[in-house]
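The block underneath contains the structure these notes are about, expressed in structure tokens.
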Amino acid sequence: MIRLEAVGRAYGVGAARLKALEGVSLGVDAGEFVAVAGPSGSGKTTLLNLMAGIDAPTSGRVLFEGRDLAGLRAADLATLRLRRVGLVFQQFNLIPVLTAEENVLFPLLFRSDLGAQERRRAARTALERVGLSGVCGRRPAQMSGGEQQRVAVARALAGTPSLVLADEPTANLDHETGGAVIRLMRELNRERGTTFLYATHDPELVRLADRVVTLRDGSVAEASG
Amino acid sequence: MKLFLLLALRNVFRNRVRTSVALLAIAAGCAALIVNGGVIYNIFRELREDAVRGRHGHIQVYRRGYHENHFREPGRHLIPREEASRVVSLLRSLPHVAHVTKRREFVGMISRADRYVAFVGIGVEPEEDPEFSRHVTLRAGSGLSSADPHGVITGLGLSQKFDGTPGSLLTLLTTTDTGGLNAVDVTLRGVFEGGLKEYDDWTLKAPLAVVEDLIRDDRAEQIVLLLDETENVPVVMSALDELFRRESLDLEAKPWTELALFHNQVVSLFRRELDVIKVIIGTIVILGIGNTVGMSIVERRVELATMRALGVLPGAVRRLLLTEALLTGILGGALGVILGVAIALVVTAIGIPFPSPPGATRPFLGGVDIVPSILVFSFALSVGASLAAAVFPVWKALRRPIAEALRGA
């Protein structure tokens, strides 16, 4: 599904140049449930950003279903994310003035291949699936952290993407709620065959994955599973 | 689309204090334009009415070629009495024409005691003249009367030159059409102020009959029309063209706008001033709300980056932000229109004591006109300024790489 070939990402120039990733080669197949582990600053977020096409490597290639993301225009990359990739963020990143249902619905508004009814049905189904059909009308400030992250998962899934990238989705949740979110993602992975990559540094949550990629100082230190 | 607009509207009211400040800034600018423009248009209207109902009427009709040649050949471009009477009847039958009168201008000397003072005389029909002199104020005595064929009135400045007061006996001297000298004894009935110093310093009005007797010529020089509404001047001008062609009349017509040169100069000057004010207020509004819009966008940089990360195209995010600016402009502009109209109504009810405009003689109690075109322009400027204020912050926000903006850096 997605493949990284000797990918490197550096920031800054000259003496201030900082290598966030270096020589990372990695492949993820369709339907996998992969954890990206590693301490803070190891390059987990950079890796997921490159896979999502919201950042570009300074060396190497990122291939999504065989297509090099570097060869796509910004608008094509946006369309790819809109239709094929779901994103879940550490801080949930919900739009505070929209309700749970509207948050899930919002990215679908830009899907020209879906009608108004289909969009609404997809948003409601996604919220039901994450167990939040009762809070559709609530705004983020009226929900707990766990509920907000589940809305974010519903938003990522509503467009039926083939790949979901979750950057430390449990970092702002207590251990129990974080575990529930990862288990929910696991269920969705099994039910729908959606590929999941989630970054975490919680060893217990890492154990829920089929495969673990451990990063250290911007390089793959270990790959298991 | 409904959710898109809803999101934009909710974002506008996200920070109510900041939005209130932005709306007030726009509303204040919009109201300032409406009030400033309204005051200027009020002055225009006062000057226009002075010109129309004090001196020129709405339209003047002459023998064709009069304007080009009357200084060189004053006697050649006049309208014989019978033709003038027929033309007056025809003109009275035209739609929108309220009053018609004949006039004859001449120059001469006033002799009183040992003083000789030059004047510009206008022979008028005493029974019609009051309608054409609504904006002329009598400062002393009374107006012309058909019951007093030898009673004349003069401008205030002219009366001061020969030290005349109502009841003063005067002798008017002039040359006749054939070049001879002639004189007539008249009585000063009243002293008027017409609003324009130059006019008041030189003008004498006398009954047409005594003027015709003095210059030994009964031909009319001008036939002056007063309409029901000033706005109807173009319609009546077209009707006159048609009438002259149909009746084979060798006449031409001039609207007041071509005759009132002083009015035109003042209007031209004030319009320029109004344009400068528009630019200044537009700039103030842009600067005033630019910071607010910029702050709002900076605070939401992670949210905007999230939208883009989710696959929303930069163009759609731009549309969202500009829609917010548009809504702010519409709301601020609408508030500004309400505020401006309210101020205009209150100020007009109280009245603004204006000193006399440059070259004019009378102060006047003005107000703030509610001018539809100014309301529309001020509203449009508010919306335009609000959009313009958003352009740079939006451009800046969307230039930022998504990953960098998501970090909140």
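If you restrict to DSSP beta bridges whose two residues both lie in the protein assembly as shown, what percentage is antiparallel, to the nearest 5?
Details: 63 of 91 bridges.
In the protein assembly as shown, DSSP labels about 70 percent of beta bridges as antiparallel.
Applied to region B:387-399, the Karplus parametrisation 6.51 cos²θ - 1.76 cosθ + 1.60 on θ = phi - 60° returns per-residue 3J(HN,Hα) values of 5, 4, 5, 8, 4, 5, x, 5, 4, 5, 5, 7, 6 Hz, with x for Gly and Pro.
Whose amide H sits under 5 Å from the amide H of residue B:196, counting only residues 5 or more places off or on another chain, with H placed in the peptide plane? Correct list: B:361. Using alpha carbons only, the radius of gyration of region B:65-249 set against its Kirkwood radius gives Rg/Rh = 0.98. Projecting the Cα atoms of B:253, B:183, B:365 onto the charge dipole of chain B, computed from C-beta unit charges around the Cα centre, puts B:365 farthest toward the positive end.
Sum up the charges of everything whose Cβ sits under 11 Å from the Cβ of residue B:131, counting Lys and Arg as +1 and Asp and Glu as -1, but leave residue B:131 out.
Values: positive: B:53, B:134; negative: B:125, B:127, B:128, B:129.
Charge balance near residue B:131 sits at -2.
Comparing B:20, B:315, B:117 along the charge dipole axis of the protein assembly as shown, the residue lying farthest to the positive side is B:315, per the Cβ-charge model.
Listed by chain and number, the lysines whose C-alpha is less than 21 Å from the C-alpha of residue B:197, apart from same-chain residues fewer than 8 away, are B:161, B:205.
Extending 7 Å from the Cα toward the beta-carbon at both residue B:298 and residue B:96 defines two label points whose distance is 5.7 nm. Cα-based values for region A:109-214, radius of gyration first and Dmax second, are 14.2, 42 Å. Using 0.36 nm per residue and subtracting the Cα-Cα separation, the extra length available between residue A:29 and residue A:125 on full extension is 31.9 nm. For the options B:48, B:86, B:216, a Gaussian network treatment of chain B with springs between C-alpha atoms closer than 10 Å singles out B:86 as fluctuating the most. Counting Lys and Arg as +1 and Asp and Glu as -1 over every other residue whose Cβ lies under 13 Å from the Cβ of residue B:158, the net charge comes to +1. The angle between the Cα long axis of helix B:2-12 and the main principal axis of chain B comes to about 80°, on a 0 to 90 degree scale.
Rg and Dmax of chain A, based on Cα coordinates, read 17.2, 55 Å. Annotation: amide H-H contacts under 5 Å for residue B:251 (H modelled 1.01 Å from N, sequence separation of 5 or more, or interchain): B:64.
For residue A:20, the amide hydrogen comes within under 5 Å of the amide hydrogens of A:9, A:10, A:11, counting only partners 5 or more places away or on other chains and with H modelled in the peptide plane. Only one residue of A:69, A:18, A:8 has its Cα farthest out toward the positive end of the dipole of region A:1-87, where Lys and Arg carry +1 and Asp and Glu -1 on Cβ, and that residue is A:18. Computed from Cα atoms, the angle from the helix B:81-92 axis to the main principal axis of chain B rounds to 30 degrees. Using C-alpha pairs below 8 Å separated by at least 6 residues, the relative contact order for region B:65-249 is 29 percent.
Taking 10 °C and 1.306 mPa s as the conditions, I'd like the Stokes-Einstein D for region A:45-137 in µm²/s, using the Kirkwood hydrodynamic radius from alpha carbon pairs.
Values: Rh = 15.0 Å.
Estimated diffusion coefficient is 106 µm²/s.
Reachable lysines from residue A:19, Cα under 19 Å, same-chain residues fewer than 8 places away excluded? The qualifying lysines are A:44. Residue by residue, region A:159-166 carries 3J(HN,Hα) couplings of x, 6, x, 8, 9, 10, 10, 10 Hz when phi is fed to the Karplus relation 6.51 cos²θ - 1.76 cosθ + 1.60 (θ = phi - 60°); x denotes Gly or Pro.
What the Cβ-Cβ distance of residue B:198 and residue B:5 gives, at R0 = 51 Å and to the nearest 0.05, is a FRET efficiency of 0.30. The charge dipole of chain B, taken about its Cα centre with unit charges on the Cβ atoms of Lys, Arg (+1), Asp and Glu (-1) only, comes to about 3020 debye. Start at zero, step by 20 Å, and the Cα-Cα distances of chain B spread as 22, 37, 22, 15, 4, 0 percent across the bins.
Taking a sphere under 11 Å around the Cβ of residue A:173 and counting the other residues whose Cβ falls inside, with K and R at +1 and D and E at -1, yields a net charge of -4. Under a model in which nothing but the beta-carbon of Lys, Arg (+1) and Asp, Glu (-1) is charged, the protein assembly as shown shows a dipole of about 2960 debye around its Cα centre.
Can you give the charge dipole size of chain A about its Cα centre, rounded to the nearest 20 debye, using +1 on the beta carbon of Lys and Arg and -1 on the beta carbon of Asp and Glu? Please report the intermediate quantities before stating the final value.
Details: 28 positive and 25 negative charges, 112 e Å.
Rounded to the nearest 20 debye, it is 540 debye.
When the helix-only estimate is applied to the protein assembly as shown (DSSP H runs of n ≥ 4, each -39,500 (n - 2.57), divided by the residue count), what is the mean residue ellipticity at 222 nm, nearest 500 deg cm²/dmol?
Details: 22 runs with 299 residues, N = 634.
Roughly -15000 deg cm²/dmol at 222 nm, from the helical runs in the protein assembly as shown.
Once the Cα atoms are used to define both axes, helix B:233-246 deviates from the longest principal axis of chain B by about 50 degrees.
Loop-only check: which GluC sites (Glu not before Pro) in region B:90-185 are DSSP coil with at most 13 other Cβ within 10 angstrom? It would help to have the intermediate numbers written out before the result.
Details: sites: B:105, B:127, B:128, B:131; in loops: B:127, B:128.
Counting only loop positions with at most 13 other Cβ atoms within 10 Å, the GluC sites (Glu not before Pro) in region B:90-185 are B:127.
Binning all Cα-Cα separations of the protein assembly as shown at 20 Å, short to long from zero, yields these whole-percent fractions: 16, 30, 17, 15, 15, 6, 0. Modelled spin-label separation between residue B:241 and residue A:210, with each label point placed 7 Å from Cα along the Cα-to-Cβ direction: 8.5 nm.
Per residue, how much accessible area does chain B show when a 1.4 Å probe rolls over the protein heavy atoms, in square angstrom? If you can, show how the numbers build up before the last one.
Working: 18750 Å² over 409 residues.
Accessible surface, normalised per residue, equals 46 Å².
Given the convex hull of the Cα atoms of region A:105-163, what is a quarter of its surface area in nm²? Intermediate values should be presented prior to the final figure.
On the way: hull surface 16.6 nm².
Its Cα hull, projected and averaged over all orientations, spans 4.1 nm².
Annotation for residue B:21 and residue B:177: the two label points, set 7 Å from Cα along the Cα-Cβ direction, are 7.8 nm apart. Bridges between two residues of region B:65-249, per DSSP, are antiparallel at a rate of about 75%. For chain B, averaging the sequence separation of C-alpha pairs within contact (under 8 Å, six or more residues apart) and dividing by the residue count gives a relative contact order of 27 percent. Length gained on full extension, residue B:45 to residue B:76: 7.6 nm, using 0.36 nm per residue less the C-alpha separation. Potential lengthening of the chain between residue B:146 and residue B:13 amounts to 40.8 nm, from the contour at 0.36 nm per residue minus the alpha-carbon distance.
How much accessible area is lost when chains B and A come together, counting both sides, with a 1.4 Å probe, in Å² rounded to the nearest 100?
Values: alone 19820 and 10410 Å², together 28180 Å².
Interface between B and A: roughly 2000 Å².
The values are calculated or read from the model by the stated rules, or taken from the named source; none is laboratory data. Source: prediction; values computed, not measured. We place every Cβ from the backbone using ideal geometry, glycine too, and count neighbours over all the protein chains shown. Remember, those area values only see protein heavy atoms, side chains included, never the ligands or the DNA or RNA. Shrake-Rupley method; radii C 1.70, N 1.55, O 1.52, S 1.80 Å.
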